[in-house]
1. Given a Förster distance of 60 Å, report the FRET efficiency between I627 and Q423 from their Cβ-Cβ distance, rounded to the nearest 0.05.
2. Would you mind classifying region 504-589 by shape? Square roots of the alpha carbon gyration tensor eigenvalues, ordered a ≥ b ≥ c; an a/c under 1.5 is rounded, otherwise it is prolate if a/b is larger than b/c and oblate if not.
3. Using Cβ counts within 10 Å as a stand-in for footprinting exposure, how do I633, I365, I321 rank, fewest first?
4. For the cross-link pairs K112/K206; K511/K584; K374/K413, which exceed 19 Å when the distance is taken from alpha carbon to alpha carbon?
5. Take V393 and K272, extend 7 Å from each Cα along the Cα→Cβ direction, and tell me the distance between the two endpoints in nm.
6. In percent, how large is the relative contact order of region 356-429, given Cα pairs closer than 8 Å and 6 or more residues apart?
7. At K385 and E572, where each label point lies 7 Å from the Cα along Cα→Cβ, what is the point-to-point distance in nanometres?
8. Using a Förster distance of 35 Å, how high is the FRET efficiency between K587 and A455, based on the Cβ-Cβ distance and rounded to 0.05?
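Since every read-out is calculated from the coordinates, none of them should be taken as a lab result. It should be emphasised that the depicted structure is a prediction, and the values quoted were computed from it without experimental measurement. As a convention, Cβ positions derive from the backbone with ideal geometry for all residues, glycine included, and neighbour counts pool all protein chains shown.
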Amino acid sequence: MTLLSYLHYTPSKSFLFQRFCSHSKIAHKLFDGSSQRNATTFINHSISDSLRRNSPAQALAIFKENLQLGCSGCTMDELHSTVVKSGLECDVIVGNSFITMYSRDGSFRDAKRVFDGMLVKDMISWNSLLSGLSQGGNFGLEAVVVFREMMREGVELDHVSFTSVITTCCHETDLKLARQIHGLCLKRGYETLVPVGNMLLSSYWKCGVLEAAKSVFYQMSERNVISWTTMISADKDDAVSIFHEMRLDGVCPNEVTFVGLINAVKCNEQIKEGLKIQGICIKSGFASKSSIGNSFITMYAKFEALEDAKKAFDEIHFREIISWNAMISGFAQNGFAHEALKMFLSAVTETVPNEYTFGSVLNAIASAEDISLKHGQRCHARILKLGLYSCPVVSSALLDMYAKRGSITESEKVFNEMSARNQFVWTSIISAYSSHGDFESVMNSFQEMVKENIAPDLITFLSVLTACNRKGMVDKGYEIFNSMTKDYNLEPSHEHYSCMVDMLGRAGRLKEAEELMSEVPGGPGVSMLQSMLGSCRLHGNVKMGANMAELAMEMKPELSGSYVLMYNLYAEKGQWDKAAEIRKEMKKKGVRKEGGFSWIDLSDTEGSLTMQGFSSGDKSHPKSDEIYRMVEILGLEMSLERKVAV
């Protein structure tokens, strides 16, 4: 491989380098005898060796040194200038090389300029430009224009021409164009070639036409690993059976095959098949590959099989940050916040975290009330140190973490420093204000969000309705609730109905609340019934309260909330006999009132993951005796201050 051929990934002849060298004093010396020819061979070998070791800079340096360019650096433009000076710009092979070199570098205007300047163009010239444009991703239209010009000029089309233009169909997901090219392939007899068939298969898959992809696949007379892999990825429902057919056909799967297969199994929730595939990967030595290990981690995480996910993680020999991210995310999404944080702390000792690492661990910290906020603040410090603060994924996760952990000041600070605010960001700050009972800030933020043409989602509306509920703004709440379906085509969930029922109940509009309950799709749940029961107690409606309690107890007889609320309602109304019956019923069913639980973040637990939890009468703390003595002293001091005040 020569230097120029490396730059455009197209094999070329070593004589190209020799023709360059023929214009230098060194080249004249090299070709004076066999020893000189050996020297030229040695130079070519040195350049090729540098390219094989993926060191183009070194290859350019060798090229420059031996050509004695006399310039401070050797770039593509300088290389092109040397060719022009040498009088080789009219050579078709040289021109073709430069077309592809510029195309691979993304310099499509330069590639087109070289192409247009060529007096003689062959099929390779056209294919070089077409291939570069089609693989550029954003030049689909230009690639199609070049393909049509080829046909108008009568240029012979080959499999490279067809695979290049079909690649454009993949990028543009242009089904009409794909069908036209397919027809032309059939007419010219190229549909039987494996590379062309593979590209047609991929094109139909990316255009969402599975039946057409299947038709191409089963009409192919020969299929390679790419054909089978593409079909496995395209047809997720039959991926396992296609994989078995592939093995029977004697085609060995590769990493990409297994990644597509594992993804299909994950989407179809076929855990038994997933276990079998992992066994095959272990036997064939693929389990230690990071891409496959990562796929197994995400698959098992979706199946909530975190132990198996950890085993897949341990199988990976070389763990990149993607592997750590998959494991952290798996723990976080399944509610194992402590494990997610521990995994993060292990990850930072072995590798450098990225934005997705922080997104997952901050989500874990946000969802766990008993993890110290200090860990979130430490993550914040790391983010600033690594320069990831401006990343939307990170800043959104930070905002959400501070909002859910009650640090409204930090939430506002992060929000105000964000340059771009999406739906998630607005919802996070609105939820933060709502949880703090700041009705005005909730409504102002909601109105500003709508003004910026960012559509609120179900969570946004729930936060706004919660704020209206806490403020007692029933009419405003109804207006917001009705706008969900009217203005945003969003169907309210049980949570939205429950919030509205609670809002109406608290306001004493019990009859309206009861009517709204009857409109709930699927009927009211326990939380809604208990909410209504609480409103009945608040307004002393024993009859309605008893009906709500009976329904709630039938649904969830083991929950103490319904019994306690009804007991309190009877007690407040002086109906002690009925209150006693509730107590007897609780005792008979073994229902116990759940105690409240609180956490405190102690300054002497720097190395601890969690805060110290406690409840009423709790003596689990090793220093509980000292704590209770201090509580007693504080109680005495409060009594003394009260007496002094009197």
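1. On the way: r = 45 Å, r/R0 = 0.76.
The pair I627/Q423 has a calculated efficiency of 0.85.
2. Values: a/c = 2.72, a/b = 1.34, b/c = 2.03.
Taking the square roots of the gyration eigenvalues as a ≥ b ≥ c, region 504-589 is oblate.
3. Working: I633 10, I365 28, I321 16.
Ranking I633, I365, I321 by Cβ neighbours within 10 Å, fewest first, gives I633, I321, I365.
4. With Cα atoms farther than 19 Å apart: K112/K206; K511/K584.
5. Going by the 7 Å Cα→Cβ label model, 3.6 nm.
6. Values: 67 pairs, mean separation 24.1, N = 74.
The normalised contact order for region 356-429 reaches 33 percent.
7. The modelled label-to-label distance comes out at 5.3 nm.
8. Numbers: r = 51 Å, r/R0 = 1.47.
Between K587 and A455 the formula returns 0.10.
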